[in-house]
1. Quick one: which residues, 5+ away or cross-chain, put their amide H under 5 Å from the amide H of Ile148? H built at 1.01 Å from N.
2. How large is the Kirkwood hydrodynamic radius of segment 127-204, in angstrom, based on all distinct alpha carbon pairs?
3. Please order Thr197, Thr31, Thr93 by the number of other Cβ within 10 Å, starting at the fewest.
4. Amide H of Gly138: which non-local residues (sequence gap of 5 or more, or other chain) have their own amide H closer than 5 Å, using H built in the peptide plane?
5. Kirkwood hydrodynamic radius of segment 1-98 from all distinct Cα pairs, in Å?
6. Less than 10 Å Cβ to Cβ from Phe194, Lys/Arg counted +1 and Asp/Glu -1: what total charge do the surrounding residues give?
7. Treat every Asp and Glu Cβ in segment 63-202 as -1 and every Lys and Arg Cβ as +1, leave all other atoms uncharged, and give the resulting dipole magnitude about the Cα centre to the nearest 20 debye.
8. Would you mind checking which residues have amide H under 5 Å from Val175's amide H? H placed 1.01 Å from N; only 5 or more apart, or other chain.
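Just so it is clear, none of the values below were taken in a lab; they were calculated from the coordinates. Treat the numbers as computed from the prediction; the structure is a model and nothing was measured. Every residue, glycine among them, receives a Cβ derived from its backbone with ideal geometry; neighbour counts consider all protein chains shown.
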Amino acid sequence: MTSQRTRQRLIERLEAEGVSNLEVLDVMATTPRHIFLDEALSHRAYEDTALPIGFGQTLSQPYIVARMTETLLGAAGKIDSVLEIGTGSGYQTAILAQLIKDVYSVERIKPLQDKARQRLHQLGLRNVFLRHADGGFGWPEEKQFDAIISTAAPRTMPKELLKQLAPNGALVIPVGDKEQVLTLVVREGDSDDFHTTELEPVRFVPLLSGVTR
């Protein structure tokens with residue numbers, strides 16, 4: 001179930017669903033999604049579905065990972081740095097790390113972060129910086145980011161994340177409670193104006209405050 005042919009069938013499904021960025025498709029074709037799951041679920045790794053990773057969290061559906069990644073790459077200007085809210089299993093992190101120079105990822109659940117760190121090390125990805133913190137506050141001590149991506153849904157748009165967008169930067173985030181919408185926000189130059197586009201209905205775990213050790 002982890003063969004290259006199985007992975008290729010997933011890529012064909014993503015293309016059929018409208019994912020067209022060839023760099024994103026190539027990275028997803030070569031990234032071993034099964035290592036981001038517990039062994040009992042690894043045989044389902046290349047299904048186009050979300051899967052549990054413990055602590056009430058999920059590994060996002062491959063289509064959503066691809067859709068969010070290509071949206072981010074297409075909307076922002078030159079991306080040297082990206083902030084990820086919610087490291088989770090580390091799969092989305094790994095995809096970003098193969099496409100963007102520096103990836104900063106925040107996770108509130110320490111055991112998930114520890115596993116993700118091991119997996120990213122296993123893949124030889126050295127351009128990822130991990131932080132155990134409340135994701136709603138982003139990483140304000142670091143800098144502004146060319147792009148921000150969130151794998152958890154706040155009820156309303158977090159102002160702290162908007163402040164951390166660099167000029168012409170893009171944020172891709174699910175927003176809402178019972179009904180969530182994947183949303184793209186682009187900062188217009190270095191102004192305080194943001195252009196918002198609603199993309200499609202989605203279902204993510206909620207963005208919670210606080211940390212877990």
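1. Residues meeting the amide H criterion: Leu83, Ala170, Leu171, Val172.
2. Working: mean 1/r = 0.0772 Å⁻¹.
One decimal place: 13.0 Å for the Kirkwood radius.
3. On the way: Thr197 11, Thr31 19, Thr93 27.
Sorted ascending by nearby Cβ count, the order is Thr197, Thr31, Thr93.
4. none
5. On the way: mean 1/r = 0.0725 Å⁻¹.
Taking every pair of different Cα atoms in segment 1-98, averaging 1/r and inverting gives 13.8 Å.
6. On the way: positive: Arg187; negative: Glu188, Asp192, Asp193.
Net local charge, Phe194 excluded: -2.
7. On the way: 16 positive and 19 negative charges, 124 e Å.
Charge dipole, segment 63-202, about its Cα centre: 600 debye, nearest 20.
8. Amide H neighbours of Val175, under 5 Å, 5+ apart: Val181, Leu182, Thr183.
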